[in-house]
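Contents: one structure, followed by commentary.
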Amino acid sequence: MTLHCRQVQKALRAFHDGTMPGECAAAIEAHLGQCAGCRTAARRQALTKLLRAGSRAPAPAPSDFFMTRLRGALQDCPPPQPAPAMAELLVRAGLRLAPAMAAMALIISISSAWFAAPAYNALLAAPAEELLLEDHPLSTDLILAALTGETIER
Amino acid sequence: MVPDDCTLVQNVLNGDKHSFDMLVERHVTRVFQLVYRFFSNRQHVEDIVQDTLLQAYQSLGNYGQERPFIHWLRTIAVRRCYRELALRSKRAETALPALSGQEQECLDHYCLQAGARSEDPEAALIARDITARLLAALPAREQMVLILRDVEGLSVRETARMMDISQLHIKVVTHRARRHAQTVLAAMALGKEPHTRSQEQPV
Ligand SMILES: [Zn+2]
């Protein structure tokens, strides 16, 4: 079977997935053995496969030594504070404060709850988002992809 | 009867520290495995896992029980890893590491053989080693997204939720990261490419 580079490169995905009939696969393999350009293309295409292969590497388990250290660190850690429920806040405010102050507390607690929801997001307000967005020519790739008709995978 | 995660969390909040040990026993391995996706150095993985669990303990009151506890833990771990990656990539060197002969062989096995799929743990370790170095050449956000999407196998939706950014943004970064990583991979392999024959050659 005679194959040209363009045909080979178009078929690389099926080749890597193993969804190609054996005869075709053998022809492509033979072509790859001969053609540096297609080898480079094949390596590019194989990225996801390589990442998946790496993910099958056995992960070490936490050692006993580490577990002992961890328990020690937890022992020294101050106990967590329960997040007070909204109802509880209101009751407390109502009981302890003069009506005017209670109204104030109500407003404050409602507005702070508004900004803090969901609570774990506020807590974890990691710089993740900022960092992810920094120096970001965000739309150029999308526009390019749209113009060239290239699909953004998955 | 074995208490479920929510019960244990409630016990901890009511002052029973021991219940947190049970939560740790139950989930530490999965957190460990997740962090190991990002970093190879054992000491480093351990430090991050410990930080994650301490942070989880202290902020346990903020765990909203609408999703599984392990998801919450994994989210804390991922964001912790991300901060670490961002710090590292600021001081990263730019030189691309060349592949050893064995690595080149492994890479070619995956790239140049039809439907190659190796269950051999040693080959998987080599693949992991190659990808770790490959990823280190990318910006932190791209590493992050590739690890979550292509190594952990998370969906766009799950990744977006974990990183607390939009799904569209995840798609864009994934797309860019894959293209970027493909170029790096080809360049790494090219360093070892035997002097080439013709570029356009029908067989
Ligand atoms: Zn070719």
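Can you pull out the residues in the stretch B:133-178 that are of a type in the set (Gly, Ala, Ser), open to solvent by less than 40 Å² (accessible area, probe 1.4 Å) and in contact (Cβ under 8 Å) with a residue 40 or more places away in the chain?
Matches in the stretch B:133-178: B:140 only.
Restricting to the stretch A:31-51, name every residue that is more than 7 Å from chain B (Cβ to nearest Cβ) and closer than 21 Å to residue B:39 by Cβ. Steps first, answer last, please.
So the first thing to find is which residues in the stretch A:31-51 are more than 7 Å from chain B (Cβ to nearest Cβ), and the list is A:33, A:38, A:41, A:45.
Listed by number, the list is empty, since nothing qualifies.
Residues that are closer than 22 Å to residue B:185 by Cβ, open to solvent by 50 Å² or more (accessible area, probe 1.4 Å) and modelled with pLDDT under 90: does the stretch B:66-84 have at least one?
Taking every residue of the stretch B:66-84 in turn, none turns out to be closer than 22 Å to residue B:185 by Cβ, open to solvent by 50 Å² or more (accessible area, probe 1.4 Å) and modelled with pLDDT under 90.
For the list (1) of a type in the set (A, V, I, L, M); (2) more than 18 Å from residue B:163 (Cβ to Cβ); (3) more than 10 Å from every other protein chain (Cβ to nearest Cβ), I need the number of the one condition that residue B:70 fails.
The failed condition is (2).
Go through the stretch A:1-73 and tell me which helices (runs of 4 or more DSSP H), entirely inside it, have 1 or more residues that are more than 12 Å from the ligand (Cβ to nearest atom) and open to solvent by less than 70 Å² (accessible area, probe 1.4 Å). Lay out the reasoning, then the answer.
Values: elements: A:5-10, A:12-17, A:22-34, A:36-45, A:47-55.
Of the helices (runs of 4 or more DSSP H) lying wholly inside the stretch A:1-73, those with at least 1 residues that are more than 12 Å from the ligand (Cβ to nearest atom) and open to solvent by less than 70 Å² (accessible area, probe 1.4 Å) span A:12-17, A:22-34, A:36-45, A:47-55.
Considering only residues that are more than 9 Å from chain A (Cβ to nearest Cβ), in contact with a Phe, Trp or Tyr (Cβ under 8 Å, 6 or more places away or on another chain) and under 22 Å from residue B:147 (Cα atoms), which ones fall in the stretch B:17-67?
B:27, B:48
If residue A:78 passes every condition in (1) part of a helix (DSSP H, G or I); (2) away from the ligand (no atom under 16 Å from the Cβ) but one, which one does it miss?
Here residue A:78 meets the rest and fails (1).
Among the residues of the stretch B:18-46, write down those that are open to solvent by 60 Å² or more (accessible area, probe 1.4 Å) and of a type outside the set (S, T, N, Q). Let's see the steps before the verdict.
Taking the stretch B:18-46 first, the residues open to solvent by 60 Å² or more (accessible area, probe 1.4 Å) are B:18, B:22, B:25-26, B:30, B:33, B:37, B:40-43.
The answer is B:18, B:22, B:25, B:26, B:30, B:37, B:42.
Six or more apart or on different chains, Cβ atoms under 7 Å: show the pairs whose first residue is in the stretch A:21-40 and farther than 16 Å from residue B:182 by Cβ and free of Cβ contacts under 8 Å to residues at least 24 places away in the same chain and whose second is away from the ligand (no atom under 11 Å from the Cβ) and part of a helix (DSSP H, G or I).
A:25/A:15; A:29/B:112
The values are calculated or read from the model by the stated rules, or taken from the named source; none is laboratory data. Keep in mind it's a predicted model, so treat the numbers as computed, not measured. Here Cβ is always computed from backbone atoms with ideal geometry, including for glycine, and neighbour counts include all displayed protein chains. SASA here: full protein model, heavy atoms, side chains in, ligands and nucleic acids out. Shrake-Rupley method; radii C 1.70, N 1.55, O 1.52, S 1.80 Å.
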